[in-house]
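Step one of this worksheet: look at the structure below.
The values are calculated or read from the model by the stated rules, or taken from the named source; none is laboratory data. Only a predicted model underlies this, so the values are computations on that prediction, with no experimental measurement involved. Don't worry about glycine lacking a Cβ; one is built from the backbone with ideal geometry, like all the others, and counts go over all protein chains shown.
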Amino acid sequence: MTMRIGTNEQRLRRALEASGQRFTEQRAAVYRFLANTDIHPTAEDVFLAVRRDIPGISLATVYKSLETLVGCGLAVKLTYSDGSARYDGRTDPHLHVRCVSCGAVADVPGEVDTRSIEALADRAEGFEVTGYRLELTGLCEACRRETAPRAIRA
């Protein structure tokens, strides 16, 4: 695990330097958490996790650190029409599922079929596609159990 953290720190330092940003322990702590989780946390989730290591960190610092990571290409901000946002430490092309009830977001295992994406992009005449985000929506297992009809007892 130490090797991975060291590799993550080197990656962070290079990305920050390339974008003219400074390396700080707060940014490193936020990046360590984001790079080692697959829960697609909100900024508040990151704040609660990181303040265990850095008790004096503020929510504003976490927000700024997350935006810096997004700007450096080390994280992706997943925004939704309701104004909410979650952060993803994976920057490679991959799919997500999002629960429309509780808002949980998870990765879909496996590779993205880029031929299908390219075929869709080809149909967008006059539009230059520079990226994509594919998300499947529905109900997670926990929310399905909660909303499942209960058997009537006689």
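What are the residues in the stretch 37-86 that are touching a residue at least 24 places away in the same chain (Cβ under 8 Å), touching a Gly at 6+ places or on another chain (Cβ under 9 Å) and within 20 Å of Q21 (Cα to Cα), if any?
Hits for the stretch 37-86 are L69, L74, A75.
Show me the strands (runs of 3 or more DSSP E) found entirely inside the stretch 41-147 where at least 2 residues are touching a Lys or Arg at 6+ places or on another chain (Cβ under 8 Å) and outside the structural domain of R14 (by TED's automatic domain parsing).
105-108, 135-138
Inspect all residues belonging to the stretch 87-107 and state whether any of them is without any contact (Cβ under 8 Å) to a residue 12 or more places away in the chain, under 30 Å from C143 (Cα atoms) and of a type in the set (D, E).
yes
Does D92 satisfy the condition of being within 16 Å of the chain's Cα centre (by Cα), under 30 Å from T147 (Cα atoms) and acidic (D, E)?
It is false that D92 is within 16 Å of the chain's Cα centre (by Cα), under 30 Å from T147 (Cα atoms) and acidic (D, E).
Suppose the filter is surrounded by 14 or more Cβ atoms within 10 Å (Cβ to Cβ) and without any contact (Cβ under 8 Å) to a residue 60 or more places away in the chain; does Y132 pass it?
When the stated conditions are applied, Y132 does not pass them.
Any idea which of (1) under 12 Å from the mean Cα position of the chain (by Cα); (2) aliphatic (A, V, I, L, M); (3) surrounded by fewer than 16 Cβ atoms within 10 Å (Cβ to Cβ) is the one A60 doesn't satisfy?
The failed condition is (1).
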